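What follows is a single structure, and I will ask about it in a moment.
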Amino acid sequence: MYPSVKFPTFGIFIKNTIDAFPNDEYKKSYIVIDCKSQMKIGTLYYYFKFYFRCFLHAFKKYDYLYCHYVSHTLFVPCLLKLMGKKFKLVAHVHGSDIQYKNKLKKKMLCFLLNQCDVVVVPSKEYANKIKNEFDMKNTYISPSGGVPDYFFLSSMNNFNNRRDIGFVGRFEPVKRPLKFINIIEYLVNKKLLINSNVYMIGEGVLSGIVKKKSQGISHFHINDFVDRTDLPMLLDKFRILFLTSERESLCLVALEAMSRGVVVVSHDCGGVNDFIINNQNGFIIDMDSNDYLLVIADILKLKSANLEVISKNARKTAEKYKSSIVNDNFILEVFN
């Protein structure tokens with residue numbers, strides 16, 4: 001996946017990572033899919049074109065091949081390696097591309113991953129998953145390109161002046177946007193969101209249901225798309241960001257929110273445990289428990305001074321995940 005004019009957020013962190021390689025030290029080329037189709041025939045065409053270009057490049061010499069979306073991209077590089085081509089193979093695992101229940105597919109992916117020289121993962125959670133489920137020892141943890149440095153450049157709105165609540169993510173079942181709406185309905189009924197705007201940023205297969213269910217909630221706003229460079233300004237309105245995902249490999253948007261001093265309240269969904277320490281720089285709760293709404297209500301009732309301390313700690317944590325730091329370490333450790 002790679003961004004294009006028509007799909008500017010499609011694989012954006014992959015582009016940011018590639019751009020971090022110094023041009024005077026690394027000669028780079030890429031084979032990507034930079035668009036998507038609503039029709040299966042269109043998707044098949046894009047993948048056929050992608051694999052065809054991969055085989056064409058088999059006759060060129062590379063020191064490294066760096067693969068994303070490994071369930072779809074590792075086949076050709078591994079085949080080339082088995083045919084005797086000499087290069088270092090780096091697989092970057094993230095998102096849902098290793099979430100297989102089919103045993104045969106899992107065995108195949110395990111075989112492909114073990115042809116790689118290193119498997120890059122976004123969090124300790126995924127490192128353990130790779131080691132335990134795919135018997136892959138050589139892993140390197142790199143948090144998905146990190147938070148762009150420009151998130152830290154401008155000054156933030158004073159935390160005590162913030163009132164708004166937010167959700168940023170795809171409107172898909174695994175992200176559970178409807179659970180966020182349930183939370184908002186509860187907080188409105190308990191009169192805990194007085195003078196607060198609610199923002200949902202995203203789009204996906206549940207967009208229609210999200211829009212329908214949110215009707216009737218006052219001061220509720222849905223934005224289909226926000227350019228990443230505009231995201232810091234929007235996050236500066238948020239007092240709290242809710243993360244309701246069933247699972248996350250890292251959740252970069254939570255780190256981006258923390259970089260702007262937003263208090264993140266997250267379901268215990270995996271990757272966030274790498275950087276959120278409960279009650280210190282954010283909150284991690286079990287949103288599948290019977291009393292999770294009561295826990296959330298207690299968080300919103302906390303004194304502003306207490307939340308402001310958590311906000312400042314969140315900002316300090318996010319500074320360790322600046323893109324310039326993350327990518328420099330990634331290039332040095334994996335591609336040196």
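The values are calculated or read from the model by the stated rules, or taken from the named source; none is laboratory data. What you see is a predicted model, and the numbers here were worked out from it, not measured in a lab. Cβ placement follows ideal geometry from the backbone for every residue including glycine, while neighbour counts extend to all protein chains displayed.
When you scan the range 1-84 for helices (runs of 4 or more DSSP H) that lie fully inside it, which ones turn up with 3 or more residues that are of a type outside the set (Ser, Thr, Tyr)?
Because the criterion is at least 3 residues that are of a type outside the set (Ser, Thr, Tyr), the helices (runs of 4 or more DSSP H) in the range 1-84 that meet it are 12-19, 40-56, 75-82.
Quick one: which residue in 165, 209 is assigned to a helix (DSSP H, G or I) and not small (Gly, Ala, Ser)?
209
Among the residues of the range 264-282, is there at least one that is within 27 Å of residue 172 (Cβ to Cβ), acidic (Asp, Glu) and assigned to a helix (DSSP H, G or I)?
yes
Does at least one position in the range 222-232 carry a residue that is free of Cβ contacts under 8 Å to residues at least 24 places away in the same chain, assigned to a loop (DSSP other than H, G, I, E, B) and in contact with a Gly (Cβ under 6 Å, 6 or more places away or on another chain)?
no
Another question, then. Can you tell me how many residues within the range 247-272 are surrounded by fewer than 21 Cβ atoms within 10 Å (Cβ to Cβ) and modelled with pLDDT of 95 or more?
Within the range 247-272, residues that are surrounded by fewer than 21 Cβ atoms within 10 Å (Cβ to Cβ) and modelled with pLDDT of 95 or more number 1.
Something else: Out of everything in the range 144-162 that is in contact (Cβ under 8 Å) with a residue 12 or more places away in the chain and part of a helix (DSSP H, G or I), what residue ends up being farthest from residue 274 (Cα to Cα)?
Checking each candidate, the answer is 160.
Looking at the structure I just gave you, is residue 96 among the polar types (S, T, N, Q) and either at pLDDT 90 or above or touching a Leu at 6+ places or on another chain (Cβ under 7 Å) (or both)?
no
So, residue 276, is that one buried (at least 21 other Cβ atoms within 10 Å of the Cβ) and at pLDDT 95 or above or not?
yes
Among the residues of the range 203-232, which ones are of a type in the set (A, V, I, L, M, F, W, C), surrounded by fewer than 13 Cβ atoms within 10 Å (Cβ to Cβ) and closer than 27 Å to residue 156 by Cα?
Selection gives 225 alone.
Further, regarding this structure: Do the conditions hold for residue 168, that is, is it β-branched (Val, Ile, Thr), modelled with pLDDT of 95 or more and farther than 14 Å from residue 219 by Cβ?
So residue 168 fits the description; yes.
Out of all the residues in the range 133-142, is one or more surrounded by fewer than 15 Cβ atoms within 10 Å (Cβ to Cβ), more than 15 Å from residue 72 (Cβ to Cβ) and touching a strand residue (DSSP E or B) at 6+ places or on another chain (Cβ under 8 Å)?
Yes, there is a match, as at least one residue in the range 133-142 is surrounded by fewer than 15 Cβ atoms within 10 Å (Cβ to Cβ), more than 15 Å from residue 72 (Cβ to Cβ) and touching a strand residue (DSSP E or B) at 6+ places or on another chain (Cβ under 8 Å).
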